[in-house]
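Please read the structure below before turning to the comments.
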Amino acid sequence: MTVDLPHFNGTELTEDLFLGGMVNAFQPKKGFRAGSDTVFLSAAVPAKSGERLFEAGIGPGIASLCLLARVKKVQVDGLELSPEMVSLAKMNASRNGFSDRFKIIEGDARLPGPHFEERGLKQDSYDHVFANPPYYSKNASRSSPHPLKASAHFHSHECLEGWIRGLVALAKPKATITLVHRAEMLDEILQCLKGRAGNCLVRSVHSFKNQPARRVIVQAIKASKAPLKMLPPFIVHKIGGDYTKRAVGILRDGDSLDLEKI
């Protein structure tokens, strides 16, 4: 199903199902689109009923919506820079029945301090924080002609550090910080977390067994000094292309992704 919304100035949207239909959401047909990375990120957040969570850069809200569908009675606050995406995320929250548990705020995830406080975001107040930060370096990739995609996918080191600094600022002491990113960005992510969080769990994500990792999921504990753990790889597809049993459980059945579970 494709629709047009006036506040997207004619941008086409697609209606997509996640978690086997537990989440039904609109997202731009072109530009930033949520996919398996988004669902894996959401599944890796070890949230429990009654906890408060924060997502930086929510886009159309898919990761938070998947988390709300998976874990009952959690409250999620999401920050998003694009006014268009804020509107879309609010619509998606409403159509999935989560408006009361999903607070969507317009703002810049890279600017902790007064910028956050003005938007009602308090330091040291969330049990879990998570994000799918911008992926592609401006120095390594051509800028997208689509403005929504460009804002979602381009970053510098300062930008990534700003995202992580903001996430850590909002997390409670001993709260989890969960990120999904390109595998080659792991060193930079760990540098940004150094001195801010420890006990890092790193799980590489591989499309197929014996292929290089395409993504990494990194989870750290605020203010911890415990050492890093490199975990067994997560394989998404079997030979032939079908999803592995574990991937099916996460993508279609709403299973969690315990990073330390083989």
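Tell me the residue from 248, 216 that is free of Cβ contacts under 8 Å to residues at least 24 places away in the same chain, within 21 Å of the chain's Cα centre (by Cα) and farther than 22 Å from residue 126 by Cβ, please.
Answer to the check: 248.
Among residues belonging to segment 117-131 that are open to solvent by less than 30 Å² (accessible area, probe 1.4 Å), touching a helix residue (DSSP H, G or I) at 6+ places or on another chain (Cβ under 7 Å) and of a type outside the set (Ser, Thr, Tyr), point out the one that is nearest to residue 215 (Cα to Cα).
131
Filter segment 167-185 for residues that are more than 16 Å from the chain's Cα centre (by Cα) and assigned to a helix (DSSP H, G or I) and give the result.
Answer for segment 167-185, where residues must be more than 16 Å from the chain's Cα centre (by Cα) and assigned to a helix (DSSP H, G or I): 169, 184.
Show me the strands (runs of 3 or more DSSP E) entirely contained within segment 1-112 in which 2 or more residues are touching a residue at least 40 places away in the same chain (Cβ under 8 Å), crowded, with 21+ Cβ neighbours inside 10 Å and not polar (S, T, N, Q).
23-28, 52-56, 75-80, 102-106
Mind counting the residues in segment 193-231 that are among the basic types (Lys, Arg) and either open to solvent by less than 50 Å² (accessible area, probe 1.4 Å) or at positive phi (or both)?
3
Within segment 234-245, identify whether any single residue is at positive phi and either in a loop (DSSP other than H, G, I, E, B) or surrounded by fewer than 20 Cβ atoms within 10 Å (Cβ to Cβ) (or both), and answer yes or no.
Within segment 234-245, one or more residues are at positive phi and either in a loop (DSSP other than H, G, I, E, B) or surrounded by fewer than 20 Cβ atoms within 10 Å (Cβ to Cβ) (or both).
The values are calculated or read from the model by the stated rules, or taken from the named source; none is laboratory data. It should be emphasised that the depicted structure is a prediction, and the values quoted were computed from it without experimental measurement. Don't worry about glycine lacking a Cβ; one is built from the backbone with ideal geometry, like all the others, and counts go over all protein chains shown. Just the protein is used for accessible areas: all its heavy atoms, side chains included, with ligands, DNA and RNA removed. Shrake-Rupley method; radii C 1.70, N 1.55, O 1.52, S 1.80 Å.
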